[in-house]
1. Would you say V320 is in contact (Cβ under 8 Å) with a residue 12 or more places away in the chain and within 15 Å of ligand 1 (Cβ to nearest atom)?
2. I47: buried (at least 21 other Cβ atoms within 10 Å of the Cβ), outside the structural domain of N151 (by TED's automatic domain parsing) and in contact with a helix residue (DSSP H, G or I) (Cβ under 9 Å, 6 or more places away or on another chain), yes or no?
3. For region 234-271: of the residues being under 15 Å from D296 (Cα atoms) and among the basic types (K, R), which is surrounded by the most Cβ atoms within 10 Å (Cβ to Cβ)?
4. Between residues in region 260-277 that are closer than 16 Å to L140 by Cα and residues that are part of a loop (DSSP other than H, G, I, E, B) and within 11 Å of ligand 2 (Cβ to nearest atom), which pairs lie under 6 Å by C-beta distance while being six or more apart or on different chains?
5. I'd like to know if region 197-212 contains one or more residues that are in contact (Cβ under 8 Å) with a residue 12 or more places away in the chain, at positive phi and surrounded by fewer than 21 Cβ atoms within 10 Å (Cβ to Cβ).
6. Inside region 162-182, can you point out the residues that are within 16 Å of ligand 2 (Cβ to nearest atom) and part of a strand (DSSP E or B)?
7. Count, please, the residues in region 173-187 that happen to be touching a residue at least 40 places away in the same chain (Cβ under 8 Å) and in contact with a strand residue (DSSP E or B) (Cβ under 9 Å, 6 or more places away or on another chain).
8. Any chance region 259-280 includes a residue that's modelled with pLDDT under 95, among the small types (G, A, S) and farther than 30 Å from K27 by Cβ?
Amino acid sequence: MDLYGRHFLTLKDYSAEEIYYLLDLAKSLKAKKKAGQFGHSLEGKNICLLFEKTSTRTRCAFEVAAKDEGAHVTFLSNSQFGYKESIEDSAKVLGRMFEGIEFRGFKQKTVEDLAKYSGAVVWNGLTDVDHPTQTLADFLTIQEHLDKPLNQVKFVFVGDIRNNVAYGLAYGACKVGMDFVLLGPDALEVDPEVKAYCEKEAAKSGGKFTITANIDDVAGADVIYTDIWVSMGEDESLYAPRVKMLSPYKVTKELMAKTGKDETLFMHCLPSFHDFETEAAKSKKDAGLDIREVTDEVFRSKHSVVFDEAENRLHTIKAVMVATLGHQ
Ligand code: CP
Ligand code: NVA
């Protein structure tokens with residue numbers, strides 16, 4: 001499989017075979033690293049990590065993965081990008097210096113413009129509407145924990161069903177033929193274009209794409225996945241209405257029990273508000289808002305594979321960089 005020179009902007013651009021190829025490559029790179037062996041496939045390559053939004057996992061995963069394979073990395077935030085200089089001009093400048101560019105920020109169009117104008121290979125590290133590297137890490141984690149192929153998995157994303165992680169997972173799930181469910185209140189209407197795309201792809205792959213507000217639809221789920229209720233870049237004033245509409249969709253022990261299965265995985269991209277330890281959750285609690293999208297009990301239960309997902313960000317992001325930019 002030759003993915004050299006390909007951008008990684010969304011899984012909509014990748015076939016099921018290409019997704020499986022990246023997952024297999026991630027598995028072998030993970031095994032190599034565990035054995036203390038490192039590659040040289042990115043030697044001589046300069047990689048720019050461009051961030052408009054904050055990050056822990058994505059930034060570290062790209063940086064460590066690039067260094068493991070011999071690349072040089074520049075972390076760029078608070079730059080002129082998009083403020084004192086147009087995205088087109090910045091893209092052309094970065095393209096004169098870097099062979100690979102990771103972008104995390106607001107608009108999907110920005111990552112597309114970077115790909116269009118820079119001449120470098122561009123990877124999406126999260127936008128308002130997609131998070132494709134997260135999906136790969138989550139699929140690898142499922143393969144490691146469940147004794148069945150991805151196309152036999154029932155996956156339920158519960159909560160803010162219109163966010164970037166939900167859409168990214170939906171694209172990947174429909175490509176590989178999962179039984180994929182978006183579970184959340186009717187008031188959070190899924191973008192009709194996303195719905196139409198996923199229904200079409202699911203029909204082609206033999207998968208299933210469902211949007212529901214009924215919590216009983218978690219029955220038979222192999223995976224229960226959630227994310228925070230207000231995402232980066234969204235207005236603080238959304239917390240109150242979101243808490244009101246999403247509290248019935250908080251992942252609790254009772255919701256997990258409704259799957260009817262003891263081996264259901266609990267997954268979360270992180271960061272998570274599962275207790276009031278963080279400044280953000282505590283300040284909202286003081287204002288009368290319980291913004292926890294999952295209970296601490298579930299987060300720390302035997303079902304939870306959240307830190308495996310976090311580690312797998314490293315191995316899957318490495319696979320994406322090696323496949324698209326690595327020496328052949
Ligand atoms: N899951 C994820 O993208 O985490 P960061 O925001 O820490 O990068
Ligand atoms: N939906 C979250 C994901 C963080 C990894 C956000 O965009 O803030």
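The values are calculated or read from the model by the stated rules, or taken from the named source; none is laboratory data. Fair warning: this is a prediction, and the values are worked out from it, not measured in the lab. No Cβ is skipped: glycine too gets one built from the backbone with ideal geometry, and neighbour counts run over all protein chains shown.
1. It is true that V320 is in contact (Cβ under 8 Å) with a residue 12 or more places away in the chain and within 15 Å of ligand 1 (Cβ to nearest atom).
2. Here the answer is yes, as I47 does meet what is asked.
3. Result: K250.
4. Correct list of pairs: C269/D227.
5. Yes, that holds for at least one residue.
6. Looking only at region 162-182, we keep the residues that are within 16 Å of ligand 2 (Cβ to nearest atom), and these are 162-172, 182.
Once the filter is applied, which keeps residues that are within 16 Å of ligand 2 (Cβ to nearest atom) and part of a strand (DSSP E or B), region 162-182 yields only L182.
7. Going residue by residue through region 173-187, those that are touching a residue at least 40 places away in the same chain (Cβ under 8 Å) are 175-177, 181, 183-185, 187.
Now drop any that are not in contact with a strand residue (DSSP E or B) (Cβ under 9 Å, 6 or more places away or on another chain), which leaves 177, 181, 183-184.
Here the count works out to 4.
8. Looking through region 259-280, at least one residue is modelled with pLDDT under 95, among the small types (G, A, S) and farther than 30 Å from K27 by Cβ.
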